[in-house]
Structure formats: C-alpha cells, structure tokens
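Notes to accompany the following structure.
The values are calculated or read from the model by the stated rules, or taken from the named source; none is laboratory data. Owing to the predicted nature of the structure, the values given are computational and were not obtained by experimental measurement. All Cβ positions, glycine included, derive from the backbone under ideal geometry; neighbour counts span all protein chains shown.
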Amino acid sequence: MTDFNFILLYVRSPADSADFYAALLGKPPVEASPTFAMFALDSGVMLGLWARDGVQPPATAPGGCEIAISHDDVDGVHAEWAGNGVPIIQPPVDMDFGRTFVALDPDGHRLRVFTPRR
C-alpha cells in the first residue's frame, strides 16, 4: 500500500483557514486560490484546505478524526497556541500514550499535540 501523503480538510473559508495554518505552521501556503490553499509540510505530507461548498461529490461528516502533531514540548506549544487565541478543548494532560492537548482550527477540526510516552 502507498503511504498517505495528502490530507484534505473541507473548510468554510480557505483564506481564513490558510491564515490560521500559516500562523500555526510558521510558513505561507505554497498554493492559494479563492477555493483552495495548500501547505507543504516538512515531513513531505501536503495539507490542503478546500472550500466545502465546492467539493464534489459533496462532503459529509461520517465520523470524527484528528490531525496529530508529535512535539517534544506539549506545554510550550499549548502556551503559545492559547496565547495566540487558538481554541483549546483539552488542556495538557498525561494519558496512557503520553502528554497531550487538543485544539480546534476555525472549522472545528481537532488538532492533537502529543509527546509519546517513552
């Protein structure tokens, strides 16, 4: 099987979401239009933000999902994001897999930052 290399999020406003992710990632999108924006992540994975009203076939929400970001300083990232007004739905906590917190992007997509338990 081929590795996943592209994540698409269906968003209300690609421009607003691109601004959010540009601030979060510290880099501008590599492509932007009124209906789409794309970021090239350091891992090689591409993150696309597509206007949900134009997706064909129409997008539905059959279940929940998260984008997970591994980072060595969960508390530091939490403080930075919270200080920048990013909505936090789970403050930093130790769970069975490691230290983590969960934030939301402008469309309510869950962003989990975690440090795996060693």
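General observations
- Members of region 54-66 found to be free of Cβ contacts under 8 Å to residues at least 40 places away in the same chain and under 18 Å from residue 18 (Cα atoms), listed by number: 54
Yes/no matrix, rows are residues, columns are (1) over 22 Å from residue 114 (Cβ atoms); (2) among the small types (Gly, Ala, Ser); (3) in contact with a helix residue (DSSP H, G or I) (Cβ under 7 Å, 6 or more places away or on another chain):
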{"site": "17", "(1), (2), (3)": "yes, yes, no"}
{"site": "20", "(1), (2), (3)": "no, no, no"}
{"site": "28", "(1), (2), (3)": "yes, no, yes"}
{"site": "36", "(1), (2), (3)": "yes, no, yes"}
{"site": "52", "(1), (2), (3)": "yes, no, no"}
{"site": "55", "(1), (2), (3)": "yes, no, no"}
{"site": "65", "(1), (2), (3)": "no, no, no"}
{"site": "69", "(1), (2), (3)": "no, no, no"}
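- Of the listed requirements (1) closer than 22 Å to residue 29 by Cβ; (2) modelled with pLDDT of 95 or more; (3) surrounded by 12 or more Cβ atoms within 10 Å (Cβ to Cβ), residue 109 misses just one: (2).
- Which listed residue is acidic (Asp, Glu), surrounded by fewer than 16 Cβ atoms within 10 Å (Cβ to Cβ) and not assigned by TED's automatic domain parsing to the domain that holds residue 118, from 73, 96, 42: 42
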